[in-house]
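First up is the structure itself, then whatever we jot down about it.
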Amino acid sequence: MRHLAILLLMLTFSPSLFAEEIRIPIGQQGLPEVAMPARGESKSRVLDRFGLADEERPSVGQPPITRWDYREFSVYFEGDRVINSVRHHQRTQPTAQEESKP
């Protein structure tokens, strides 16, 4: 009986019951209206549509995967073909209500 009373006392004053809730806004994943290369497009087609990349990363692995970084997105190639295009993370501005919270 004494152990039960101690357990209940510990649970009553547990720090987790008095924890502060912190909300961290999740950023948006780029602008939805940004055109990006489609899967299967060739490097030459991407070059024609979007121009030179801001940075071209060297090929890695087998089969070779290459990444071209543009200002708003990155394009991944396997050989000469697009395998994926990914928008860069865009941080959202906090609302006035979120800024006023302590």
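Every read-out reported here was derived from the displayed coordinates using simple, explicitly stated rules and does not represent laboratory data. Just so it is clear, the model here is predicted, and its values are computed rather than measured. So basically every Cβ, Gly included, is an ideal-geometry build from the backbone, and we count neighbours across all protein chains shown.
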Gain in span if fully extended, K43 to N84, counting 0.36 nm per residue against the direct Cα distance: 13.5 nm
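As a test of the definition: which semi-axes, in Å, follow for the range 38-78 when you take the square root of five times each eigenvalue of its alpha carbon gyration tensor? Largest first, please. Mind showing how you got there, number by number?
On the way: eigenvalues 55, 31, 13 Å².
Gyration-tensor ellipsoid for the range 38-78: 17, 12, 8 Å.
For the range 35-89, what is the charge dipole size about the Cα centre, in debye to the nearest 20, if Lys and Arg each add +1 at the Cβ and Asp and Glu each add -1 at the Cβ? Please report the intermediate quantities before stating the final value.
Working: 9 positive and 9 negative charges, 32 e Å.
Approximately 160 debye in magnitude.
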